[in-house]
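Note sheet for the following structure.
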Amino acid sequence: MNQQANDKLIKEIFIECRPETLFSFFIDAEKMKRWMGQHVLLEPKLGGKFRIDLNGNDVALGEYMEIVPNEKVVLSWGWEKSKLVPPGSSKVEFRLQAQDQGTLLMLTHYDLPIEEIEPHVKGWTHFMKRLLASAGNPDSQ
């Protein structure tokens, strides 16, 4: 499901794992590498920094703004070399809601320039599929 507003995008995906399992993929660098990036540095605490090198060229930077164990992670977000979305210029919220035999993940990316919404929709679609494959696989938990 995709929804777009003026300066944000919203995506949802259902993943067959417990919220505790899915939550770990946002605070554990080794698990985050499985779905996003080849080099990941995380300081998963309020105000802690993160650096995600997706592919040797695109590097996301920001900090943890809110952490509610097994329920929510909010990050400031931006790109190392971007003038349109520099580090800290936008915000990504991941909400985890237990549902049936798994977790509904709701992603909202706020404060994006309108011309950056479509590229970010494509990016998050790609990475959420990778997260589904990583977190939804019992062998990888």
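The values are calculated or read from the model by the stated rules, or taken from the named source; none is laboratory data. Here the structure is a predicted model, which means the values were calculated and not measured. Reconstructed Cβ throughout: ideal geometry from the backbone, glycine too, with neighbour counts over all protein chains shown. Side chains are part of the model used for accessible areas, which takes the heavy atoms of the whole protein and leaves out ligands, DNA and RNA. Shrake-Rupley method; radii C 1.70, N 1.55, O 1.52, S 1.80 Å.
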* Asked: Considering only protein heavy atoms and a 1.4 Å probe, what is the carbon-and-sulfur percentage of the accessible area of region 11-141?
  -> 50
* **Additional length obtainable on full extension of the chain from Thr125 to Asn57, 0.36 nm per residue less Cα span** => 22.5 nm
* **Filter on Lys45/Lys122; Lys33/Lys122; Lys8/Lys81 - keep pairs with C-alpha separation over 26 Å** => Lys45/Lys122
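Can you compute the charge dipole magnitude of the chain about its Cα centre, using +1 on each Lys and Arg Cβ and -1 on each Asp and Glu Cβ, nothing else charged? Give it in debye, rounded to the nearest 20.
Values: 17 positive and 20 negative charges, 34 e Å.
For this selection, approximately 160 debye.
If you take the Cα Rg of the chain and divide it by 2.2 N^0.38 Å, with N the number of residues, what do you get?
0.97
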* To do: Identify the trypsin sites (Lys or Arg not before Pro) of region 53-95 meeting these criteria: DSSP loop state and at most 14 other C-beta atoms within 10 Å of the C-beta.
  => Lys81, Lys83
* Structure fact -> Along the dipole axis of region 1-93 (charges at Cβ: +1 for Lys and Arg, -1 for Asp and Glu; origin at the Cα centre), the most positive-end residue among Leu42, Ser82, Tyr64 is Ser82
* Asked: Taking amide hydrogens as modeled 1.01 Å from N in the peptide plane, which residues meet the under 5 Å criterion relative to His39, leaving out close sequence neighbours?
  -> Asp53
* To do: Describe numerically, in nm with one decimal, the distance between label points set 7 Å from Cα along Cα→Cβ at Ala29 and at Phe14.
  => 3.6
* Accessible surface, the chain, averaged per residue in Å² (probe 1.4 Å) -> 52
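For His39 and Ser82, what does the FRET efficiency come to when R0 = 22 Å and r is the distance between their Cβ atoms, rounded to the nearest 0.05?
Result of the calculation: an efficiency of 0.75.
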